[in-house]
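Engineer: Before I ask anything, here is the structure I am working with.
The values are calculated or read from the model by the stated rules, or taken from the named source; none is laboratory data. Since this is a predicted model, take the numbers as computed values, not measurements. Here the Cβ is made from the backbone with ideal geometry for all residues, glycine too, and neighbour counts use every protein chain on show.
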Amino acid sequence: MTKVFIDGSAGTTGLRIYERLADRKDLELLILSDEKRKDENARKEALFAADIAFLCLPDAAAVEAVQLAEGSDTVIIDTSTAHRTLEGWTYGFAELEKGSQRELIRSAKRIANPGCHASGFIALAEPLVKSGLLKKDAALSCFSLTGYSGGGKKMIAEYEAPDRDPLLDAPRQYGLTQMHKHLKEMKKISGLETAPAFCPIVADFYSGMEVTVPVFAGDLNGSIEDVRELYRSCYHSSIVHYEENADDGGFLSAAKMSGRDDMVITVSGNEERILLVSLFDNLGKGASGSAIQCMNIVMGADETTGLSL
């Protein structure tokens, strides 16, 4: 039986992972009491005892946890931003390189779980760059609509407060300095030379994400049909799949995949102006769902086990 430890199980992602794993018969969850949850010695003991450990911590704390686990044979799956572009860490998006990334995940000891916005962008950009349909020096833009749960417990409390700020009634753009923490992985993992101009927007719905990358036909070494055919060849699993006409009567809701762990890739527009879109749940394929998929791959289990598809 695989022993699993969740370091940071009180946070949004940690709680979601715990809920998904609690009833699994092939796992033994190592649980620390509230008194020992932040005790360094207790955490180190649990990290060494586990076969697989999830880090659901702020960046600095995740770095410290990795140091605590040094010398162990434990597989670390880090959901923070801390290790996503570092050498020695495997990026935990199994569908990269037409799915060959899962073989790297299978044998990895250090796995960096992707960021939510980054997952949607990379799923769209990486195949285009790797295939040569899009040049590495392309200057892309990206906007991403997300539910407020992506902001963690503090933002959830703000949005669900009875006397909340009326400005929360309308969508809010953030990351205005163009220094969003996901940009480094968006650039590196996609193979781009320049990070995109990125416009994340949080709105008054709990969960769901819609990432859009607009592209002019002149920036592509091919047509809109070439893009569609590439996505069909890359994404045809139950977790990430290409879908024609994913809209609902001309509208495309960012909540379409709320509560699910799969991702839909779709293409809209025309021969001149093309919209590349990924739809998923920021807490699912954008966080805990992706982490559990990575764990399943490491274990040699069906990678859909425990996922909501």
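Engineer: Just give me the residues in the range 128-178 being among the acidic types (D, E) and in contact with an Asp or Glu (Cβ under 8 Å, 6 or more places away or on another chain), in sequence order.
Structural biologist: D137, E158, D165, D169, listed by residue number.
Engineer: Being surrounded by 12 or more Cβ atoms within 10 Å (Cβ to Cβ) and on the phi > 0 side of the Ramachandran plot is the filter; apply it to the range 118-177 and report the residue that is modelled with the highest pLDDT.
Structural biologist: Top of the filtered list is G175.
Engineer: Just to check your reading of the model, which residue among S238, S258 is closer than 29 Å to T305 by Cβ, exposed (fewer than 15 other Cβ atoms within 10 Å of the Cβ) and either small (G, A, S) or at pLDDT 95 or above (or both)?
Structural biologist: Within the list S238, S258, the selection yields S238.
Engineer: Further question: If we keep just the residues of the range 98-117 that are surrounded by fewer than 24 Cβ atoms within 10 Å (Cβ to Cβ), of a type in the set (S, T, N, Q) and part of a loop (DSSP other than H, G, I, E, B), which is modelled with the highest pLDDT?
Structural biologist: The residue in question is S107.
Engineer: Further question on the same structure: Hand me the list of strands (runs of 3 or more DSSP E) wholly inside the range 229-292 holding 1 or more residues that are among the aromatic types (F, W, Y) and without any contact (Cβ under 8 Å) to a residue 60 or more places away in the chain. Talk me through it step by step, then tell me what you get.
Structural biologist: Working: elements: 240-242, 263-269, 273-280.
Those strands (runs of 3 or more DSSP E) span 240-242.
Engineer: Find the strands (runs of 3 or more DSSP E) located wholly in the range 10-97 whose residues include 2 or more that are under 14 Å from the mean Cα position of the chain (by Cα), and list them.
Structural biologist: Passing ranges, in order: 75-78.
Engineer: Select from the range 129-183 the residues that are β-branched (V, I, T) and part of a loop (DSSP other than H, G, I, E, B) and list them in ascending order. I'd like the intermediate steps shown before the answer.
Structural biologist: Kept after step one, since they are β-branched (V, I, T), are these residues of the range 129-183: 129, 146, 156, 177.
Listed by number, the list holds a single entry, T177.
Engineer: Considering each of T177, T194, T146 in turn, give the residue that is touching a strand residue (DSSP E or B) at 6+ places or on another chain (Cβ under 7 Å) and in the same structural domain as D262 (by TED's automatic domain parsing).
Structural biologist: Answer to the selection: T146.
Engineer: May I ask you to list the residues in the range 90-135 that are under 23 Å from V298 (Cα atoms) and aliphatic (A, V, I, L, M)?
Structural biologist: Selection gives A94, L96, L104, I105, A108, I111, A112, A118, I122, A123.
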